[in-house]
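A.B. asks: A single structure is presented below for examination.
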Amino acid sequence: MYTSTRRKLDLNASNCILKGISDDGGLFIVNSFNDFNFNESFLSKSYKEVAENVLKYFLNDFKDVNKIIEGAYNKNNFKNEIVEIKSFDKLSFLELFHGPTLAFKDMALTVLPHLMVESKKISNFPKKTLILTATSGDTGGAALSGFKDVDNVFIVVLYPTNGVSNFQASQMQYYTGKNAIAVSVEGNFDDCQNLVKKVFTSDIKLNNYELSSANSINIGRLIPQIIYYFYSYLNLVNKGEIKFGDKINYVVPTGNFGNILACYIAKQMGLYIDKIVCASNENNVLTDFFKTYTYDKNREFYLTNSPAMDILISSNLERLLYIITNNNETLVSTLMNDLKETGKFTLPRLYHDKLNDFLAYSVSKEDTVKAIKNCYDKYNYLIDPHTAVGYEAYENLKDNLTGKTIVVSTASPFKFVETVNEVFNFQEEGLELIEKIANKVSMEVPAILSDIYNYKYDKVVWKKSDMESNLRKLIGEIDENN
């Protein structure tokens, strides 16, 4: 059963998936992670079969998860392998970018629409669903792709106009439609995310819709991300790179703390993990937290070449706090109130050793580009800037890691071709540049890239001062007219 991180509740999975966020502002989470029974019988399971076991563990009131799995992990979304693991000596890369929008967000956002549709059936939910989502880049495209044309669902995505790549912006607009809108706003990701949270906890009244979210604040986003940690471990065992029971490490490029929290939850469920490396860019609020036990967002915000990680308020850290404080919702509520009122909080000393599972490292823009070059020179393997942050963190912390390590590769390098090209310095632009780099590194260009690069759209930007009033007006219009 599920509760809130800020007060005791007793809810089913379907209730939490539909609501997205608790009325008290807290995040939904299960009470414990016991009894998953991870064992060697998993070695014979396919990705879909591992997914079935994980989803059944969390979806307590769902009767048929196989329909959800087949609807998400099909040939339309994943033409070849669902995930791929590339290994080089003691280091492997977990490629999570083979879905429709070429980013790891597809791993969950191909599943979430099916979870929502089934949740509405289970709950006899009478209203339509209005999804509000903030994005620092990849969530927006994946959410719009996943929810576009889903019956009785309308999705609105907010993104910072100067905080995403040109390709990410085009991709979001490409996936808009009759029930899907992407809105560019002044400010940064935290401004967008704070507005979404504010609307969720406001007194806004809707007649035909109920609000929900596709951000990783929605537990339905988080659960599918746990699957690939189990699968990647099993893959290494089946390839003879480790033995079942050996502990390995994961390096996770981190912004909103959802992907790395999924890794930590997998460890709580029994996956053999030693250290989890939190890899951050110059917005190093998380790195400082793991080193000082104080989370302080009162600092300069940087626009970097790993834009999906340009975040100062990492929402899913709240769920980690709940777990490591032994479900102390009173303390979590106090810490979150401190963050809201003062911009920072300090974890009590009693819980400091609960963070020993983590290491943390932050990487500059310049070192991100150097990491892309170093990885290519060393392994003949091209990575995107977010993965490069993870790789550089690994290179600097590897002496503190024992055994095999997996770096989570979160996006196709072709989504961030301008940054990748700083390694090669080719003169071409756009699709020509992508093809030039692809030929250089002997990679295939994903077919969807040409459609998105050639997509034309009118860019409308909301002023920061008008964000809330514009969003409330838009929500009202959607509720009245759809």
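The values are calculated or read from the model by the stated rules, or taken from the named source; none is laboratory data. Source: prediction; values computed, not measured. Every residue, glycine among them, receives a Cβ derived from its backbone with ideal geometry; neighbour counts consider all protein chains shown.
A.B. asks: Residue under question is ASP288, and the condition is that it be over 21 Å from GLY26 (Cβ atoms) and out of contact with any Leu (no Cβ under 9 Å at 6 or more places or on another chain); does it hold?
C.D. replies: yes
A.B. asks: Can you name every residue in the stretch 1-21 that is modelled with pLDDT of 95 or more and under 17 Å from GLU318 (Cα atoms)?
C.D. replies: The answer is TYR2, THR3, SER4, THR5, ARG6, ARG7, LYS8, LEU9, CYS16.
A.B. asks: May I pose another question? Being in contact with a His (Cβ under 8 Å, 6 or more places away or on another chain) and modelled with pLDDT of 95 or more is true for just one of THR419, THR402, THR387, THR410. Which residue is that?
C.D. replies: Every option except THR410 fails the conditions.
A.B. asks: Return the only residue of GLU477, GLU392 being acidic (Asp, Glu) and either surrounded by fewer than 16 Cβ atoms within 10 Å (Cβ to Cβ) or assigned to a loop (DSSP other than H, G, I, E, B) (or both).
C.D. replies: Exactly one of GLU477, GLU392 is acidic (Asp, Glu) and either surrounded by fewer than 16 Cβ atoms within 10 Å (Cβ to Cβ) or assigned to a loop (DSSP other than H, G, I, E, B) (or both), namely GLU477.
A.B. asks: Is it true that some residue in the stretch 36-52 is surrounded by 14 or more Cβ atoms within 10 Å (Cβ to Cβ), under 26 Å from THR325 (Cβ atoms) and among the β-branched types (Val, Ile, Thr)?
C.D. replies: no
A.B. asks: Collect the residues in the stretch 449-474 that are free of Cβ contacts under 8 Å to residues at least 40 places away in the same chain, farther than 12 Å from VAL183 by Cα and assigned to a loop (DSSP other than H, G, I, E, B), keeping them in residue-number order.
C.D. replies: Correct list: ASN454, LYS456.
A.B. asks: Would you kindly identify the strands (runs of 3 or more DSSP E) lying entirely within the stretch 15-114 that contain at least 2 residues that are charged (D, E, K, R)?
C.D. replies: Where strands (runs of 3 or more DSSP E) fall fully within the stretch 15-114 and carry at least 2 residues being charged (D, E, K, R), they are 84-88.
A.B. asks: Which one of these is farther than 24 Å from PRO160 by Cα and either of a type in the set (D, E, K, R) or exposed (fewer than 15 other Cβ atoms within 10 Å of the Cβ) (or both): ALA438, ALA447?
C.D. replies: Result: ALA447 is the single residue among ALA438, ALA447 that is farther than 24 Å from PRO160 by Cα and either of a type in the set (D, E, K, R) or exposed (fewer than 15 other Cβ atoms within 10 Å of the Cβ) (or both).
A.B. asks: Which of the residues that make up the stretch 158-181 are over 23 Å from ASN76 (Cα atoms) and in a strand (DSSP E or B)?
C.D. replies: LEU158, TYR159, PRO160
A.B. asks: Shifting gears a bit: Quick one: in the stretch 347-380, of everything that is part of a loop (DSSP other than H, G, I, E, B) and within 16 Å of THR419 (Cβ to Cβ), which residue is nearest to the chain's Cα centre (by Cα)?
C.D. replies: Restricting to residues being part of a loop (DSSP other than H, G, I, E, B) and within 16 Å of THR419 (Cβ to Cβ), the top hit is VAL363.
A.B. asks: Next up: Check whether at least one residue in the stretch 116-125 is over 30 Å from GLU429 (Cβ atoms) and of a type in the set (Val, Ile, Thr), and report yes or no.
C.D. replies: Yes: one or more hits.
A.B. asks: Suppose we filter the stretch 217-247 for residues that are more than 25 Å from ASN326 (Cα to Cα) and in contact with a strand residue (DSSP E or B) (Cβ under 8 Å, 6 or more places away or on another chain); how many remain?
C.D. replies: 8
A.B. asks: State whether one or more residues within the stretch 210-233 are among the basic types (Lys, Arg) and within 26 Å of ASN305 (Cα to Cα).
C.D. replies: The answer is yes, given that some residue of the stretch 210-233 is among the basic types (Lys, Arg) and within 26 Å of ASN305 (Cα to Cα).
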